[in-house]
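The values are calculated or read from the model by the stated rules, or taken from the named source; none is laboratory data. Predicted model, so just to flag it, every value in this text is computed and none were measured. Cβ placement follows ideal geometry from the backbone for every residue including glycine, while neighbour counts extend to all protein chains displayed.
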Amino acid sequence: MSRTEFLKTVVPFNLLPNDVIESVANLLHEVNYSKDTLIYQQEITKMKGVDIIVSGEYESFFYDSAQNKRLLEKHHSGFCYGGVSVLLNRKRSLRTVIAKKGTTVYFLHRRDFRGLCHAYDDFFHHFTSDFGRRMLNEEFAHFAKKPTSFEESFIASEQLYSRKIESIESREIIYCKTYTPIYEAAQIMSAGKISCLIVKNEQDKVVGFVTDITLRDKVLATRGDSSDPVERIMDNPVVTINVHSYVYEALLMMFSSKTRYILTEDHGVLKGIISRNKLLSEQAQSPLVYIQSVKLSLSVDELKSKWEQVPQMITQLIGRGVNAEIVNQIITTVADTIAQKVIEGVIADMGTPPAKFVFMVLGSEGRKEQTLKTDQDNAIIYEDKANEHREEVREYFLKFADTVSEKLNYIGFSFCTGGFMAKNPNWTHSLSHWKRNYESWMLESLPETVIKFSTFFDCRYIYGEMQIMEELWAFLDEKLQQPMEKLFFHMANNALQYQPPLTSFFKNIRTITVGSQEVFDIKKAMTPIVDLVRVYALKNRIFKANTGERLKALKEKGVFSETAYHELNQSYYYLMAMRLRKQASQIIHDKVEPDNYIDPTSLTKIEQVTLKEIFKTIEDFQSRIKMEYTNSLFG
């Protein structure tokens with residue numbers, strides 16, 4: 001086969017006019033390689049041009065800090081290597097490349113390759129769009145971005161966020177029965193040199209635990225009878241986690257549940273017990289240690305100081321290449337911990353609440369997707385009381401909500417401009433009132449109602465009686481089994497109003513003028529994913545609030561394919577990382593209030609290319625739902 005005919009089979013050279021292909025064929029130089037020849041080294045070799053494999057095989061990969069091959073790929077006849085390196089990586093080879101025995105390539109000089117890219121948009125776009133898609137792979141992006149102190153950064157992120165529970169040595173679980181006398185339980189703990197004893201009932205089911213602190217606070221301090229059965233003083237709930245979960249997940253669970261011990265399990269079988277101190281000692285440099293320091297804060301001023309330190313921590317995490325989903329979880333856990341500390345302090349000042357209640361968060365905090373530009377979105381649900389106590393209960397909770405909101409505002413969580421806060425009397429009510437709210441929003445939905453109240457479908461418990469929240473979810477589950485075409489129509493239609501900021505033919509990012517800058521709003525760019533995933537979640541009665549968790553649940557139900565799930569999930573968290581990085585920089589370096597505006601000219605070529613691919617993914621997602629809802633809901 002002639003070189004011209006061969007080039008006509010090679011992507012993207014096949015996009016060029018025939019006479020141009022013929023000219024390019026005359027510029028090619030044939031090169032032959034023997035067995036296992038190292039041709040290019042990542043970030044070291046300066047690319048003189050691009051290679052088109054004629055026969056044989058290229059093996060390309062990244063080396064990590066331990067010289068392990070990562071993301072290894074094999075390339076054969078018709079593959080073009082070097083285009084991305086020349087265009088987007090300062091002419092340095094992005095990956096390490098080894099040629100196998102008997103490999104022949106056609107080499108095209110960098111000067112000629114660049115000329116083709118300048119002259120033919122489709123040819124150029126092939127390389128940029130392919131790279132944009134690759135950058136949505138978290139591991140690929142990690143190596144391609146090459147953060148500062150690369151080796152240390154990768155080790156840090158692997159140690160802190162890729163380590164699994166099974167790698168931590170756990171202790172054997174020691175049990176007693178609910179009827180075991182307290183003094184005998186203490187003897188078992190002493191003999192086993194343990195500080196946590198797990199309690200089982202007569203059916204051999206784990207029902208609670210006893211610690212040194214339990215014995216001190218509930219027996220010694222109260223002069224309790226040590227011959228009483230241990231079930232009278234045991235604590236609960238017992239928190240368990242799968243051995244294949246990550247260490248950071250275990251710590252976040254322990255902080256949110258306030259337990260100092262966690263049981264590990266595998267396929268439903270309990271395997272061991274790990275203390276919080278053990279996990280923290282394994283994570284000495286982790287921001288999760290910082291969360292513990294927030295829990296120990298003694299005043300509102302100290303909590304304010306802790307929140308002001310968060311941007312610096314976020315900058316370090318993102319700089320290390322830590323996934324934005326994990327960063328969101330850490331911000332949310334810090335924010336939750338601060339709110340819980342404030343609530344506990346207000347209750348200590350005001351006295352025991354006159355009714356059971358739930359303090360829930362909404363919107364981005366409800367979805368566990370908080371950024372550094374955050375305001376308060378919260379509400380209170382309290383149990384229904386007899387008529388004679390209603391006013392007394394309402395008076396307490398309105399004062400309570402006002403005090404909590406004022407303190408949170410002082411700490412740095414500003415008042416919600418839309419008034420979606422517990423301090424607004426509209427959003428502090430009894431459970432029956434809240435059920436009527438949701439029912440009216442769903443059944444009498446209007447476009448403006450859906451836009452205004454969609455935030456309430458992203459609700460999450462952070463303090464109080466979980467049972468009240470579960471009752472609300474059960475009510476919603478029942479209602480969503482009824483026909484809700486009107487609700488889904490308006491929700492979907494609202495999510496389709498936003499157009500991703502791409503000019504025609506996807507060549508540039510469309511901007512708006514803010515002050516003297518040309519920018520795009522990254523929050524608005526992310527909104528279609530949030531809104532559309534919410535529609536699918538409610539339609540499938542999935543009551544997870546987090547966008548990533550909703551996507552995963554929808555994939556498991558078969559609503560989204562594996563490919564669609566990964567594209568949306570990676571797109572969403574790439575945008576989130578960019579948003580967090582910008583906001584942290586504004587706070588730390590510019591000393592200004594953070595916003596959601598991004599100047600495209602401030603981004604690298606790699607970031608611009610990746611963004612264009614993401615915006616195309618969002619457009620495709622919108623097209624899919626438009627078709628589905630046009631057929632089923634839009635008439």
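Collect the residues in segment 244-258 that are crowded, with 17+ Cβ neighbours inside 10 Å and in contact with an Asp or Glu (Cβ under 8 Å, 6 or more places away or on another chain), keeping them in residue-number order.
Passing the criteria: only V247.
Determine which member of the set M421, M442 is of a type in the set (A, V, I, L, M) and assigned to a helix (DSSP H, G or I).
M442
When you scan segment 71-84, do you find a residue that is part of a helix (DSSP H, G or I), modelled with pLDDT of 90 or more and within 23 Å of L575 (Cα to Cα), even just one?
Scanning segment 71-84, I find at least one residue that is part of a helix (DSSP H, G or I), modelled with pLDDT of 90 or more and within 23 Å of L575 (Cα to Cα), so the answer is yes.
I'd like to know if segment 258-274 contains one or more residues that are modelled with pLDDT under 85 and of a type outside the set (A, V, I, L, M).
yes
Got at least one residue in segment 188-196 being surrounded by 16 or more Cβ atoms within 10 Å (Cβ to Cβ), touching a Gly at 6+ places or on another chain (Cβ under 6 Å) and not in a helix (DSSP H, G or I)?
Within segment 188-196, none of the residues are surrounded by 16 or more Cβ atoms within 10 Å (Cβ to Cβ), touching a Gly at 6+ places or on another chain (Cβ under 6 Å) and not in a helix (DSSP H, G or I).
Would you mention how many residues in segment 454-493 are touching a residue at least 24 places away in the same chain (Cβ under 8 Å), farther than 22 Å from N378 by Cα and assigned to a loop (DSSP other than H, G, I, E, B)?
Total satisfying the criteria: 3.
For Q316, all conditions in the list (1) surrounded by 16 or more Cβ atoms within 10 Å (Cβ to Cβ); (2) closer than 30 Å to L136 by Cα; (3) of a type outside the set (S, T, Y) hold save one; what is the number of the exception?
Unmet for Q316, out of (1) surrounded by 16 or more Cβ atoms within 10 Å (Cβ to Cβ); (2) closer than 30 Å to L136 by Cα; (3) of a type outside the set (S, T, Y): (1).
Can you name every residue in segment 411-426 that is of a type outside the set (A, V, I, L, M, F, W, C), more than 14 Å from K373 (Cβ to Cβ) and surrounded by 16 or more Cβ atoms within 10 Å (Cβ to Cβ)?
K423, N424
Just the residues that are touching a residue at least 24 places away in the same chain (Cβ under 8 Å), in a helix (DSSP H, G or I) and surrounded by fewer than 19 Cβ atoms within 10 Å (Cβ to Cβ), please, taken from segment 494-536.
Matches in segment 494-536: F505, F506, K523, K524, T527.
Residue-by-condition table, conditions (1) modelled with pLDDT of 95 or more; (2) over 14 Å from the mean Cα position of the chain (by Cα); (3) assigned by TED's automatic domain parsing to the domain that holds V322:
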residue	(1), (2), (3)
R550	yes, no, no
L554	yes, yes, no
A564	no, yes, no
S571	no, no, no
Y574	no, no, no
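Which residue is farthest from G83 (Cα to Cα), if the candidates are limited to segment 28-47 and must be surrounded by fewer than 17 Cβ atoms within 10 Å (Cβ to Cβ) and not polar (S, T, N, Q)?
Top of the filtered list is K35.
Anything in segment 242-259 that is β-branched (V, I, T) and in a loop (DSSP other than H, G, I, E, B)? List them, or say none.
Across segment 242-259, the qualifying residues are V243, T259.
Does any residue in segment 302-327 that is within 16 Å of R581 (Cα to Cα) and among the β-branched types (V, I, T) come within less than 8 Å, Cβ to Cβ, of a residue that is outside any helix (DSSP H, G or I) and modelled with pLDDT of 80 or more six or more places away or on a different chain, and which pairs are these?
So the pair list comes out as V310/L372; I314/L372.
What number of residues within segment 194-242 satisfy the criterion of being under 24 Å from V269 (Cβ atoms) and among the hydroxyl-bearing types (S, T, Y)?
The total comes to 3.
Starting from segment 603-620, keep only residues that are not assigned by TED's automatic domain parsing to the domain that holds F124, then list their pairs with residues that are surrounded by fewer than 23 Cβ atoms within 10 Å (Cβ to Cβ) and among the charged types (D, E, K, R) whose Cβ atoms are within a distance under 8 Å, requiring at least 6 positions of separation or different chains.
I606/K145; E613/R133; T617/E567
Tell me which residues, restricted to segment 34-89, are in contact with a Gly (Cβ under 7 Å, 6 or more places away or on another chain) and in contact (Cβ under 8 Å) with a residue 60 or more places away in the chain.
Matches in segment 34-89: M47, G49, V50.
Among the residues of segment 564-599, which ones are more than 20 Å from V327 (Cβ to Cβ) and in contact with a helix residue (DSSP H, G or I) (Cβ under 6 Å, 6 or more places away or on another chain)?
Selection gives Y565, E567, V592.
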